[in-house]
Amino acid sequence: MKVLQVSNLTKTYGEMPVLKGVSLALEEGERVALMGPSGSGKSTLLNCVGGIDRPDEGQIQVGGDDLGGLGEEALCRLRRDRVTTVFQFFHLLPTLSVAENVAFPLQLKGVSGAELQDRVDQAITEVSLKHRIDAMPDELSGGEMQRVAIARALVGRPSLILADEPTGNLDSQTGETILDLMESLSDQHRIAMLLVTHSPSVARICTRTLLLRDGSLDSAA
Amino acid sequence: MTGTDSNDAADGPGMLRSAGLLWVRFIWRHWLREWKLTTLLVGVLALGVAVFLGVRLGNKAALTGFGFFTESIAGESDFIIRSETGTIPVAALGKLRQAAGALPVSFFAVKERSATFELKDGEKISLRLVGADWVALQNYGSGGGGILGSGDNDPRLGESGAVIIGESFEQTHGISEGDRFKVYCDDREVELNVVGIIPDDPLRPEVPANLVLIDLPGLWALVESEPSLSRIECQLPSGSLRDELKRAAELKLRESAEALNLVMETPQDRKTSVTEMSRAFRLNLTILSGLALLVGIYLILQALEATVVKRRSEIATLRSLGVTPRQIQQAWLLESLVLGIVGSLVGILLGRLLAVGLVGAISQTVNTLYYETTTASVSLSVGEIAFALFYGILSSLIAGWIPAREAALTPPAQGLRSATRVGGLAFLGKYPIALLMLGLGIAAAWIPPLVGQSGSRFAVGGYASAILLVVGASLLIGVLFPAVARLLRAFGGKRVVISYAASQLARPSGRHRLTAAGLSVAIGMSAAMGILVASFEYTLTSWIGQLLRADAYVASGGNPSISNDGIIREQTWQAIASSPEVEGVDILRSYLVEVDGVRVFVGGTDLNSDSARYLELVWEETPDEIGPDALERLSGDLVAAFVNEPFFRRFGLGKSDTFTIPTPQGDETVSIEGVYADYGTETGTILLSRKHTSAWFGDNDVSNLSIYLKDPDSVDEWVSKLGQNFPALSVQSNRRLREESIRIFHQTFAVTYALEAIAVIIAMAGLGMALAGLLIERRRQLATLKAIGTTRAQIATMAMWEGVGLTLVGLIGGYFVSLALGWVLIDVINPQSFGWTLQYYWPLRLFIFLGIAALAIGGIVSWVVGYRFANLRSDRTE
């Protein structure tokens, strides 16, 4: 079952074409690495898939829904429910504890009470941070922050996680641990992942690697 | 586990719940984390609300101190009957009684006189002696004990000088039942004996602190005047037939009153008239106090803007997590709302305290400019609380709107780096709108004032012009940035810290423009108030210089009120005028009359013709004849009269027009021959020869005397001697009177100085917040600066020069704003509202001081902010 279907995506900034007819698809539970030099269009592609940016031409379908037909509010719901993101710089909310950061997307959806508690506990347990549940972001290490970010991305039960250099701000050992965690969670919950990276080690957990060069998908590694 | 859970609400929680969640999770915690900033914001808003409410309450207490005595004692009257000439013959009471027939109307005949009470520290305060029929009054009061409770049957009630005071008089002045105290009434000292205290009753209005109740015949005896009344208050009993009886009584009494040449009105009519009379004064104060809140709005806007910048990364994360722009905007508006509520509540408490301090100063001004008033205790009604809350919350929401929009425009974290900064401040760069507002502002100055029922005028065009000019000029301020940047570069030479600061100003951001706009508003309004006060002082000083030419001035009592009804009896003033040291006198007898519901002073003058010295007026419309006997020489078929400028503006009557004055002898028409400047009162005054007023009003007493001595150098000695011989008279030398006038002037405007200082301080706090926002916005630049070896002190110095540049832009803009606003205040609002033409005076020293102070404080604040934020990390949120 296809989670993501991108067809002939084109995007131009001013006179500069950034994406030139990009097409790709991700199956349920599939992990794909997206590599390429700086300025090749990786972030633009990720932004288009996440509904942050709109392509000039082409189509993006998430779970069969065409993003081009969705308004701003619907795109917000998409990011909240179905396509979540893990960032290089974690982007934790500094005033919230670990548990509150993880709970936040569910609370936005109106989930509360025992269900909220159970789902947050489960997500935090899955990233092995049960002992840090009340810690604040500035009390965490880089690896711990990224675990919290993964738990937050996971807790809404998305079908697709977009990861933008998920290990880019971590030392290599911590980075490896995080990749192992992402692989295991993806397998366990059948979540598809599109990982933008410069690091060949990320490709280790992916079934395919796509190379984006000058706005076009060059070849599959 | 993938896919959307069917239990999850598809659209998330409701609007309020999501905004509440964001508020609790984020904003509240930021408030706790940054409690100093939160306290500052609440404090600023509270200060704005407090000043606004304090002035309002103080003003209200000063103006409503004494309405009608029955309101304090027996409830509000149904009708009031009075005379346009100010005096009702006693016989009218019987005729009205007769007209009422079998209708159960209770009549309270009232005679009022002012008196002066000297406090232990020598300060003289005004008392209102209210003569009424005590026997009739004993039917009223709560609990069936009459107005005096147990004291009603006291035989001392019939003694000469027996008076009753209210509980607040007792508490304020420490005078109790059985005590005797002396007051000055007209030109005599009289002793009063307190035979009763009117107890405070929560069911009726508080008896004012300076009301002294006296039996009607007792008052006539005390002031040695022919029996007459000031007004007659009428009351009908309560019950099911009341409305019907009231209609019937109104019909009969109105007819009878008109036949007696009297005016009948309801207390509400009367209050409206009194309220309208001082509307211009109240508006001026309200607008002044609004200044503090306006600058407060600016600071809150700055602060909330800064929080948006500080939390931009956090907002972006929220957006990535699916929070909608609308939810973000609502959460930020909720922040403004809560801030508004908390700030307003604190402000209401502060305002109550402030009002107590202000009430004395305001009532002094009202006494001086309008009519005699007494102060009531400051009371905070539910309506006032609601008004202050509404005003504070509205201000906070207005201030929060742009930052909330800015927050909502923040892109999700994925797009944060590549997004173009849209910002909610883009409108600040739209100069055509600014130019349009300036044009409309100039045009609005020509809109004529709205005229109220009692002749009061509201300068609607003037105020609209002021707002448009201030906002328009502040929006245009951005054009100054390139010039100031060049100036900084030229000043800094090769110093890199200055050229870096200049480079920031050369391409100003929305925040730069907003900061400069806010500074220009605060500085501009402060400087404009400075221009107004300086022009007023300059005009007043010149006017006093020309007007006060006599060596000494004598009046009854010492009460400074313009409407003081105290007189100097003929034998007294004749004795003074004929004393061997006196070379000549100018005499004035003034009467308060009403024309079409507008109060007018009719002054009978008799100028010194024994000397080359006499009262010389300052002319707005010069008469054909001037000199001591000009009025005599100008009189032909009609009596000649001069009118003051407020009269001219209120009635639109000037030279060559005629005017009819109501007098006890009937209407008398006079011909206006000249218009003179008068900065002593906002009330219209008409001057004519005293021989006519004596005949029309039937007395030979006078209100005050200007004395010319044979030996002017001996004035202090003469004043002291006269003071000893006539302790009830107020005798002042020319020098003393000038000093006193200037003292009252400064006291009146003291509140403006405080407001100016508050505005500048708040503006500087806003500058600090703006710079903090700018530095946070430029955190990557800061990181780069540090990476290339810039020290913390150097970054602070760069911030300081940027702050100085910003202040300079705000200062230059503010000076322009002040010139425009000064013009509106002096040439449009003052003539329209007060009827005064002021000479424009530019206070150079104030401008220099304001400039140096603003640049110095701006530099210091900016350096501190720069030092504090120099260590920002580019990869951390703040």
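The values are calculated or read from the model by the stated rules, or taken from the named source; none is laboratory data. If you're wondering where the values come from, they're calculated on a predicted model, not measured in any experiment. A quick note on method: Cβ atoms are made from the backbone with ideal geometry, for glycine too, and the neighbour counts reach across all protein chains shown.
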Filter result (more than 8 Å from chain A (Cβ to nearest Cβ) and crowded, with 24+ Cβ neighbours inside 10 Å) within region B:311-326: B:Arg311, B:Ile315
Does region A:78-86 include one or more residues that are more than 10 Å from chain B (Cβ to nearest Cβ), assigned to a helix (DSSP H, G or I) and touching a residue at least 24 places away in the same chain (Cβ under 8 Å)? no
Would you pick out the residues in region B:700-739 that are charged (D, E, K, R) and in contact (Cβ under 8 Å) with a residue 60 or more places away in the chain? B:Asp701, B:Lys710, B:Asp711, B:Arg738
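Matching residues to (1) within 16 Å of B:Val521 (Cβ to Cβ); (2) modelled with pLDDT under 90:
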{"site": "B:Gly439", "(1), (2)": "no, no"}
{"site": "B:Ile442", "(1), (2)": "no, no"}
{"site": "B:Leu469", "(1), (2)": "yes, yes"}
{"site": "B:Arg489", "(1), (2)": "no, yes"}
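Here's the yes/no breakdown for (1) within 30 Å of B:Gly684 (Cβ to Cβ); (2) part of a helix (DSSP H, G or I); (3) not small (Gly, Ala, Ser):
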{"residue": "B:Leu440", "(1), (2), (3)": "no, yes, yes"}
{"residue": "B:Trp446", "(1), (2), (3)": "yes, no, yes"}
{"residue": "B:Val471", "(1), (2), (3)": "no, yes, yes"}
{"residue": "B:Pro482", "(1), (2), (3)": "no, yes, yes"}
{"residue": "B:Ala485", "(1), (2), (3)": "no, yes, no"}
{"residue": "B:Ile498", "(1), (2), (3)": "no, yes, yes"}
{"residue": "B:Ser503", "(1), (2), (3)": "no, yes, no"}
{"residue": "B:Pro508", "(1), (2), (3)": "no, no, yes"}
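For region A:140-150, indicate whether the set of residues that are among the hydrophobic types (A, V, I, L, M, F, W, C), more than 8 Å from chain B (Cβ to nearest Cβ) and under 25 Å from B:Leu409 (Cβ atoms) is non-empty. If you could, list the steps in order and put the result at the bottom.
Our first condition is that a residue be among the hydrophobic types (A, V, I, L, M, F, W, C); within region A:140-150, this holds for A:140, A:145, A:148-150.
Retained after the next criterion (residues that are more than 8 Å from chain B (Cβ to nearest Cβ)): A:140, A:145, A:148-150.
Narrowing further to those that are under 25 Å from B:Leu409 (Cβ atoms): A:149.
Checking region A:140-150: at least one residue is among the hydrophobic types (A, V, I, L, M, F, W, C), more than 8 Å from chain B (Cβ to nearest Cβ) and under 25 Å from B:Leu409 (Cβ atoms).
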The number of residues in region A:102-129 that are surrounded by fewer than 18 Cβ atoms within 10 Å (Cβ to Cβ), at the interface with chain B (Cβ under 10 Å from one of its Cβ atoms) and closer than 27 Å to A:Gly175 by Cα is 1
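Okay, residues lined up against (1) at pLDDT 90 or above; (2) within 11 Å of chain B (Cβ to nearest Cβ); (3) part of a helix (DSSP H, G or I); (4) buried (at least 22 other Cβ atoms within 10 Å of the Cβ):
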{"residue": "A:Leu19", "(1), (2), (3), (4)": "yes, no, no, yes"}
{"residue": "A:Ser40", "(1), (2), (3), (4)": "no, no, no, no"}
{"residue": "A:Leu75", "(1), (2), (3), (4)": "no, yes, yes, no"}
{"residue": "A:His91", "(1), (2), (3), (4)": "no, yes, no, yes"}
{"residue": "A:Glu100", "(1), (2), (3), (4)": "no, yes, yes, no"}
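Sort out which residues of region A:129-143 are over 13 Å from A:Pro166 (Cβ atoms) and in contact (Cβ under 8 Å) with a residue 40 or more places away in the chain, and write them in order of number.
Of region A:129-143, the ones over 13 Å from A:Pro166 (Cβ atoms) are A:129-141.
Those that are over 13 Å from A:Pro166 (Cβ atoms) and in contact (Cβ under 8 Å) with a residue 40 or more places away in the chain: A:Met136, A:Pro137, A:Asp138, A:Leu140.
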Which count do you get for residues in region B:224-267 that are crowded, with 20+ Cβ neighbours inside 10 Å and not in a strand (DSSP E or B)? 5
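Has region B:745-756 got any residue that is of a type in the set (Asp, Glu), over 19 Å from B:Val533 (Cβ atoms) and modelled with pLDDT under 80?
We begin by selecting, within region B:745-756, every residue of a type in the set (Asp, Glu); these are B:756.
Still in the list and also over 19 Å from B:Val533 (Cβ atoms): none.
Checking region B:745-756: not a single residue is of a type in the set (Asp, Glu), over 19 Å from B:Val533 (Cβ atoms) and modelled with pLDDT under 80.
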All-but-one check, B:Asp121 against (1) at pLDDT below 80; (2) surrounded by 15 or more Cβ atoms within 10 Å (Cβ to Cβ); (3) under 35 Å from the mean Cα position of the chain (by Cα), failing number (2)
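Being within 13 Å of another protein chain (Cβ to nearest Cβ) and either buried (at least 19 other Cβ atoms within 10 Å of the Cβ) or not aromatic (Phe, Trp, Tyr) (or both) narrows it down to one of A:Met182, A:Met193, so name that one. It would help to see each step written out before you state the result.
On the way: A:Met182 fails: within 13 Å of another protein chain (Cβ to nearest Cβ).
Just a single option satisfies the conditions, and that option is A:Met193.
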Could you check A:Gly58 against (1) facing chain B (nearest Cβ under 9 Å); (2) surrounded by fewer than 23 Cβ atoms within 10 Å (Cβ to Cβ); (3) touching a residue at least 24 places away in the same chain (Cβ under 8 Å) and say which number it fails? (1)
Residues satisfying the stated conditions in region A:24-38, i.e. within 12 Å of chain B (Cβ to nearest Cβ) and among the basic types (Lys, Arg): none
In region A:138-148, anything crowded, with 18+ Cβ neighbours inside 10 Å and more than 20 Å from the chain's Cα centre (by Cα) is listed as A:Leu140
From the list B:Gly627, B:Gly654, which one is modelled with pLDDT of 85 or more, surrounded by fewer than 18 Cβ atoms within 10 Å (Cβ to Cβ), of a type outside the set (A, V, I, L, M, F, W, C) and in a loop (DSSP other than H, G, I, E, B)? B:Gly654
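Please work out which residue is farthest from B:Leu219 (Cα to Cα), limiting yourself to region B:146-202 and to residues that are of a type in the set (Ser, Thr, Tyr) and modelled with pLDDT of 75 or more. So that I can check it myself, show each step before the final result.
So in region B:146-202, the residues of a type in the set (Ser, Thr, Tyr) come out as B:150, B:160, B:168, B:172, B:176, B:184.
Among the residues that remain, those that are also modelled with pLDDT of 75 or more are: B:160, B:168, B:172, B:176, B:184.
Working: B:Ser160: 9, B:Ser168: 22, B:Thr172: 23, B:Ser176: 21, B:Tyr184: 13 Å.
Per the stated criteria, the residue is B:Thr172.
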Just for region B:41-58: of the residues that are buried (at least 24 other Cβ atoms within 10 Å of the Cβ) and within 14 Å of the chain's Cα centre (by Cα), which one is modelled with the lowest pLDDT? B:Gly58
A:Gly64 meets each of (1) within 11 Å of another protein chain (Cβ to nearest Cβ); (2) under 25 Å from A:Val196 (Cα atoms) with one exception, condition (1)
Per the filter on region B:651-672, residues within 33 Å of the chain's Cα centre (by Cα) and within 16 Å of B:Leu631 (Cβ to Cβ) are B:Lys655, B:Phe659, B:Ile661, B:Ile672
Is it the case that some residue within region A:195-206 is at pLDDT 90 or above and more than 15 Å from A:Phe87 (Cα to Cα)? yes
Would you check if there is a residue in region B:22-37 being at pLDDT 70 or above, farther than 30 Å from B:Val263 by Cβ, crowded, with 23+ Cβ neighbours inside 10 Å and touching a Gly at 6+ places or on another chain (Cβ under 8 Å)? no
